[in-house]
Amino acid sequence: MTVLMLRLAGPLQAWGSAARFVRRTTEHAPTKSGVLGLLAAAQGRPRGADLSDLAALRFGVRIDQPGSRVRDFHTAHHADSGRAMPLSERYYLADAVFVAGVEGEEELVRRLHAAVRAPRFLPYLGRRSCPPARPLLFEGSLSDRPLEDALRGVPWQASRWYVRQLARTGPDGRTKTAPEELDLLLDCPPGEEPDFSLRDTPVTFDPRHRQYAVRGVRTSHVHAPAHDPTAHLRPAASPGRPAPAPDVS
């Protein structure tokens, strides 16, 4: 098995598993349907395409920077009549960062990796109004380790301002440089009791009749792996020698 991991970071994200009428909520972490939708779009799959191979992938996510929930009001007008549509509430996660992973057969996972590097349709973080602020791929995005081990081993991906905020000296005089633990949410293995369930495994994205199956989720925790604030930097060019290109594999 091979694992593909994605860094999901942006000013706003929205990962809904239940949207009813004028109230559009968001979960506190990326959903399987949202991430598989991103991968399907990267491959250029039409809305009515078969999703059975993607749905069979094991999914997990690590919460590196939980962000905060914000509410917005949305107005719209009917395209033909111009009549005002009902006012709706839409919820988002602001300033959040996640590492999401999918595990499956090597050939499929490598095709998905190639699609993310050169997507057919632009990726977004749950809703089209939520573009990613940082590259989805990072060094080590492909791994041969089991999904949980791969997610545990990725360096902490929090934003630099968030790291600085945590590094401020607390009232006890101690300096906190990282959270003690990061939350992990993983597809529950067959035969085990899940901690909770979500209806967010996509059966079809056909807009005429979207369908989602229930999946069990198991929760876990991991100590925050070391964060290197200079990991994104590359050596400066020396005379007569250009700087190496950034690695986004």
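The values are calculated or read from the model by the stated rules, or taken from the named source; none is laboratory data. Just so it is clear, the structure is predicted and the values come from calculations on it, not from any experiment. Positions of Cβ are backbone-derived with ideal geometry, glycine not excepted, and every protein chain shown enters the neighbour counts. SASA here: full protein model, heavy atoms, side chains in, ligands and nucleic acids out. Shrake-Rupley method; radii C 1.70, N 1.55, O 1.52, S 1.80 Å.
Roughly how big is segment 52-146's charge dipole about its Cα centre, with Cβ charges of +1 (Lys, Arg) and -1 (Asp, Glu), in debye to the nearest 20?
Here segment 52-146 has a charge dipole of around 320 debye.
Explain nothing, just the number: relative contact order of the chain, from Cα pairs under 8 Å at least 6 residues apart, as a whole percent.
26
What FRET efficiency would be calculated for the residue pair residue 139, residue 94, taking the C-beta separation as r and a Förster radius of 22 Å, to the nearest 0.05?
0.25
Ordered by packing density, taken as the mean number of other Cβ atoms within 10 Å over each peptide's residues, highest first, how do 204-216, 84-96 rank?
Result, highest mean Cβ count within 10 Å first: 84-96, 204-216.
For segment 149-166, take each phi angle, set θ = phi - 60°, evaluate the Karplus expression 6.51 cos²θ - 1.76 cosθ + 1.60, and give the result in whole Hz per residue in order, putting x for glycine and proline.
5, 5, 5, 5, x, 5, x, 4, 9, 4, 5, 4, 5, 6, 4, 4, 4, 5
For segment 78-146, which whole percent of the accessible surface, found with a 1.4 angstrom probe, sits on carbon and sulfur atoms?
Looking at segment 78-146 in its full context, I get 51 percent from C and S.
Given 25 °C and 0.890 mPa s, how large is the Stokes-Einstein diffusion coefficient of segment 83-225 in µm²/s, with Rh as the Kirkwood radius over Cα pairs?
132
Just order 121-133, 1-13 by mean Cβ neighbour count inside 10 Å, highest at the front, would you?
Result, highest mean Cβ count within 10 Å first: 1-13, 121-133.
Please compute the alpha carbon radius of gyration of segment 127-167, then divide it by the globular-protein estimate 2.2 N^0.38 Å. Two decimals is fine.
That works out to 1.49 for segment 127-167.
On C-alpha positions alone, give me the angle between the axis of helix 32-43 and the longest principal axis of the chain, in degrees, nearest 10.
That helix lies at roughly 80 degrees to the long axis.
Take the alpha carbon gyration tensor of the chain, find the square roots of its eigenvalues, order them as a ≥ b ≥ c, and report rounded if a/c is under 1.5; if not, report prolate when a/b exceeds b/c, else oblate.
It comes out rounded by the Cα gyration axes.
Before I look further, what does the chain give for accessible area per residue, probe 1.4 Å, in whole square angstrom?
Accessible area per residue: 57 Å².
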